[in-house]
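Notes to accompany the following structure.
Here, each number is a calculation from the coordinates, and none is a lab measurement. In this text the structure is predicted, and so the values were computed from the model without any measurement. Please note: Cβ atoms are built from the backbone with ideal geometry, for glycine as well, and neighbour counts cover all protein chains shown.
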Amino acid sequence: MLRKKLPIGIQTFREIREENYYYVDKTPFALQLIEQGKHYFLSRPRRFGKSLLLDTLKELFEGKQALFAGLYADQHWDWSVKYPVIRISFGAGVHKQIPDLEASIHEQLEGYESDWKIAEHLPDIPSRFKRLIQNIHHQSGQRVVVLIDEYDKPILDNLSEPEIAREMREALRSFYSVLKDNDAHLKFVLITGVSKFSKVSLFSGLNNLKDITLDKRFSAICGYTESDLDTVFAPELPDLDREQIRSWYNGYNWSGEAVYNPFDLLLYFDCHEFRSFWFETGSPSFLIEFLTQNRWFTPDLMNLETNVALLSQFDVEDIEPEALLWQTGYLTFHKIEEISTGQWIYTLGYPNLEVEAALNDSLLRVYGPEPRPALMARSNLNRALQNHDMKALEQSIHALFASIPYDWYRKNPLAEFEGHYASVFYSQLAALGLNVQPEDITNRGRIDLSLKLDQRVYLFEFKVVESESTGEALQQLIDRNYAEKYRTPGVRITLIGIEFSKAERNLVGFETLTLDPVT
C-alpha cells in the first residue's frame, strides 16, 4: 500500500486533493445535508475539521468536479449546475474590540463585492451583507450558498471580559439576522463553531436553523472513524499499537459513531509518539479558571450526568460547566438513556487518555501544588506504583501535599474536605495517564478511588481527621469487602487507607493491606 502525505493543519480541500494527501471522504454527509434541508448549525471542538468540511462544500457547490474524482459525490451530484458561494470566517486572529470585528467583516464582504463588481460600499454591515446576497443571486441566476466558519470565536475570545463579549454577541446577531430576511435568495446555509449559544441570544429569528450537533446520523461528519483507519490510513498502521492509539485519541461521540481527533491522529502518524497534541494547541486558561471558581470535584468529570437543557445552557451571562466542558471537547458522551418518553439523560466523561491526563495536569497547577515539586512527586509516585513500593508511595503522596504553600490554604479553606485531597491525588494519577476510576461503584458502596496497573489493583479510601490517624480508612475498605469486585485469578489487590489531618494539611495515616491472590 502506498503512503500519502499527512494533511497536518491543511484545511483547503483543493490542496489536499491535488497534492496527494490522505482524505477521508465526507461527501456522503454533505449530500445528505443538502438533500434533506437548507439551514444548518453544527458545533464541534476546535481542530476537528469544520473548516475543511466547509471548504469541501464550497468546491462542491461551485462545481469543481475534477477535485471529487473517486469520491462519493463524483457520481451522485448534479455537476451541470453551479452555485455562488459566500464563505465568512472568524477564525483568523483575535477580536478584542468591536472595530476589529467590523473590520474583519467589511474586508471579507469587500472581497466578494470586488469579485462580483459591486461598486457601492454601504457602511452598514447588515445592509451591505443583504445587498451582496441579493446582487449575487440576480447576477448569477442561482440562489446563494452561505458558509460561516467559527461563528462564535469573537465571543469566545472575550469570555473573560463579559461586557465586550456581549457587544460582540449583539454585533454578530445583527449580522446573522440578515440570513432570515433573505431566505428567498439562499440555496444552503451552514454555520459552524465550537460553542452552541442559545438561538434566542444569537440567532434570534432564525427558527428554521436545524441544529445537527446531536444528530446521530452526523456524529462522524467531522473526525476519523475506525473504518477510516482501516481503509484510508491503512498504510500508516503496520507495527503500531492500535489499542493504545484508540485509548489515547478516539472516544469523541455525539450520540452516534465515535471518532478519533483528526489533529492528534495525524501528528501521531507523523512522529509515532503519544503526546497531548490537541490539548497543547489550545489555551484552556479560562476553562481551568472557570472550573476552580465553581469548585468542581475533579473526579466527578469522569462520570457526570446531565440533560439537553444543561448542555445547551451556554451564553455570556450563563454558562453551565457541563456545557462548557462538553462543547469544547473536554468531555463527551459515554451513555445516553431515555428515562421516560422524551426525557434524556446524558452521562459525560473524558473522551480519551490525552484529555484526561492533560486536563488534570493543568488543574493540578491551580489546586495548590508547586509545579516542580509536584512533577517530582508524580514521577516518584509512578515509580513506587510500578515497583509496588508502599513506603515510597507514602513518601511521594506526602511530598505532593507538602508542596502546597500555606498561603494557598489561607485563600482556599478546603483542608477540611476529603474532596480536596481526593481531587489533588486523583489529578496526579490521571496526569500520569494511568487507568484510574474515582467513585468506583460496587454492590457494597463506592470505593473512593481504584487503580488498575497490569495485574495489580489498588483500592484507596480517604478520610480527613482532626489531627491523628484513626485507622478508619483502611478498616472501611476491609469491612465493606470492596476488594470482592476485583477478586479474579492472577490479580493482586492492595487496600490503601489514607488519612489527612485538618491541622497538618497532609497525610497522618497511611495503612496498606495486600490480599492473597485468588487461585
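Net length available on complete extension from His334 to Ile288 is 14.3 nm, with 0.36 nm assigned per residue and the Cα-Cα distance removed.
When Glu273, Glu394, Glu461 are arranged by Cβ crowding within 10 Å, least crowded first, meaning fewest neighbours, the order is Glu273, Glu394, Glu461. Using +1 at the C-beta of Lys and Arg and -1 at the C-beta of Asp and Glu, which of Pro28, Leu172, Gln455 has the Cα lying farthest in the positive direction of the dipole of the chain? Among Pro28, Leu172, Gln455, the one farthest towards the positive end of the dipole of the chain is Pro28.
Which option, (i) -0.37, -0.49, -0.96; (ii) -0.47, -0.60, -1.02; (iii) -0.58, -0.75, -1.22, is the value of log10 I(q)/I(0) by the Debye sum over Cα atoms at q = 0.07, 0.08, 0.11 Å⁻¹ that was calculated from these coordinates? Label of the calculated value: (ii).
Amide H contacts of Asn506: Ser501, each under 5 Å away and 5 or more positions distant or on a separate chain (H built 1.01 Å from N in the peptide plane; Pro and chain starts excluded).
Placing pseudo-labels 7 Å out from each Cα toward the beta carbon at Ala234 and Trp344 gives an inter-label distance of 3.5 nm. Of Arg169, Arg492, the sequence from fewest to most neighbouring Cβ atoms within 10 angstrom is Arg492, Arg169. Step through the residues of segment 511-519 one at a time and calculate ³J(HN,Hα) from phi using the Karplus curve (6.51 cos²θ - 1.76 cosθ + 1.60, θ = phi - 60°), rounding each to whole Hz and writing x for Gly and Pro. Once rounded to whole Hz, the list reads 10, 10, 8, 9, 7, 5, x, 6, 9.
Rounded to the nearest 500, the helix-only mean residue ellipticity at 222 nm of the chain stands at -12000 deg cm²/dmol, with each DSSP H run of n ≥ 4 adding -39,500 (n - 2.57).
With the simple spin-label model, which puts each label point 7 Å out from Cα in the Cβ direction, the Ala184 to Asp454 separation comes to 7.5 nm. With contacts taken as Cα pairs under 8 Å at a separation of at least 6 residues, segment 283-349 carries a relative contact order of 34 percent.
Taking each residue as 0.36 nm, the span from Glu317 to Ser114 lengthens on full extension beyond its C-alpha to C-alpha distance by 69.2 nm. When only the Cβ of Lys, Arg, Asp and Glu is charged (+1, +1, -1, -1), the dipole of segment 373-514 relative to its Cα centre reaches about 440 debye. Counting charges near Gly251 (Lys, Arg +1; Asp, Glu -1) among other residues having Cβ under 12 Å from its Cβ returns a value of -4.
Of all lysines in the structure, the ones whose alpha carbon falls short of 30 Å from that of Lys335, not counting any fewer than 8 places away in one chain, are Lys26, Lys50, Lys153, Lys196, Lys199, Lys210, Lys216, Lys452, Lys485. Listing Tyr367, Tyr176 from fewest to most neighbouring C-beta atoms within 10 Å gives Tyr367, Tyr176. Once the chain from Asp124 to Ser227 is taken as fully extended at 0.36 nm per residue, the excess over their C-alpha distance is 32.2 nm.
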